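Undergrad: Here it is, the structure, as C-alpha cells.
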Amino acid sequence: MPLNFKKTYRFAVISTLYITLFSTSLVAGLLFLFATFSWLFCLIYAVSIAIFSFFVLQYRVEHFIYRRVKKIYDDVSLLDSTTLRSQSITTDMATLTKEVKKFATDKKLEIENLKVREEYRREFMGNVSHELKTPLFTVQGYISTLVDGVRDKDQRKKYLERAEKGVERLIYIVEDLDMISKLEMGDLNLEFSEFNIVELIQNVFDLLEMQADKKNIILMFDRKYNKPINVFADQEKIQQVLTNLIMNSIKYGKENGTTEVSIEDLVKNKIIVRVRDNGEGIEQQHIPRLFERFFRVDKSGARSEGGSGLGLSIVKHIIEGHNEKIYIESEYGKGSEFSFTLEKKK
C-alpha cells in the first residue's frame, strides 16, 4: 500500500539542523581547545551527522506515526473496509483528520437513512398485516360458521358469498403486491403502441359508471373532443392509471359531485391528462406521502370503500416507467387534481 510521508521531511530536516549545529559546534570547540582546528574535519563531521540524523529521525517519525495512524485505519476499516482501505495510508494529520471526519459524516448519514428505512419497513409490514388479516378473519369466520352447521340454505349461500368476497379481496391485494414488487424491480415490460387517449378515457368512464352512480357522481370531459388525440404508450398500463385515478376520485368524491378529465397540449410532442374532482381534497402535509404503498389519509374511510392501498403507488411507477411525470394539486375541502404527461403522436 503506498505511503505518503512528505510532510515529515520538514520536521526531520529542522531536527537534523539543530543536532548538526550543536554537535558540530561542540566538536569544533573541543578541537579549538585541545587540538589543531580543521575546517575540513568540521565539514565532513557536519555532513555525516546531518545525513545520519536525518535518516534516523525520518525513520523514527515515520515508524512512530505510521503505527498509530495504521491502527486508526484498521479500527475504522472494521466498520467499512471499502471506504478507507481503498485509500493510501497518510501520516499527514490534517489529511487524516479530514478523512476521518468525512467517514464519520458518511456513516451518520447512512445510519439516519437506515433508521428511515427501518421505520418505513415496520410501517409497511404493519400495513400489509392489517390489509391481509381483515379479509382473512372474515373468510375464517364465515367458514367456521358453515363448518359448525347452518341448516338454512339461503343463510349458507349468503355466508359463502361473503366468504367469496373476502377471498376476492385477498386475491386483489396479493395481485397488487405482486405488481408493485415487479414495478419496483424494473420489471414493467411495457408494450408501446399508438392509440386514441380520448377513446380510452371514455372506456374507463363506461367501466366505472355504476360505481359513480352509487354516489351520483358525473364522469365527464371538460369539453367535447371531436378529433382523436393519439399517444404513444402502453395502452393497458395507461388504462390502469386512468382507472385508479378515476376510481379514487369516485371513492373520495362527495355525493352529487363530478369527476372531470381534460387533455391539454403541453409542449410540441407532449400532452397532459388531468383528472379533477370536487371532493374532500387533501391536506398539504399528506401530499408528499400520497404515492407511498398503503398510505391513506383517512384509513378507516378508505378501507370501508375497499381497494388495496397500492393504487397511487402503482400509478406513479407506471408513469415513471414511461419516463413521464405525474403531478398532484389539492385544496382541502375543495377537491384534488391528478395529472400526468404522455408522448403525443401526430
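Undergrad: For every other residue with a beta carbon closer than 12 angstrom to the beta carbon of Ile201, add +1 if it is Lys or Arg and -1 if Asp or Glu, then tell me the sum.
TA: Result for the neighbourhood of Ile201: -3.
Undergrad: Still on this structure, please answer the following. Let me see the P(r) profile for region 192-343: every Cα-Cα distance counted, bins of 10 Å, each bin given as a percent of all pairs.
TA: Reading the bins upward from 0: 11, 43, 36, 9, 0.
Undergrad: Here's something else I'd like to know. Cα to Cα, under 30 Å, and not fewer than 8 places away if on the same chain: which lysines meet these conditions relative to Lys102?
TA: Counting by Cα, and skipping residues close in sequence, Lys102 has these lysines nearby: Lys6, Lys7, Lys70, Lys71, Lys115.
Undergrad: Let me ask you something else. Filter the GluC sites (Glu not before Pro) in region 254-295 down to the DSSP loop ones having no more than 15 other Cβ atoms within 10 Å, then list what survives.
TA: Listed in order of number, the matching sites are Glu255, Glu283.
Undergrad: Measure up Lys158/Lys334; Lys165/Lys270; Lys325/Lys346; Lys224/Lys270; Lys254/Lys344; Lys165/Lys224 against 30 Å on the Cα-Cα distance and list the ones that go over.
TA: Lys158/Lys334; Lys165/Lys270; Lys254/Lys344; Lys165/Lys224
Undergrad: Hey, another quick one. Using Cβ counts within 10 Å as a stand-in for footprinting exposure, how do Ser144, Ser339, Ser313 rank, fewest first?
TA: Ser144, Ser339, Ser313
Bear in mind these aren't lab numbers, they're just calculated from the coordinates by the rules spelled out. If you're wondering where the values come from, they're calculated on a predicted model, not measured in any experiment. So basically every Cβ, Gly included, is an ideal-geometry build from the backbone, and we count neighbours across all protein chains shown.
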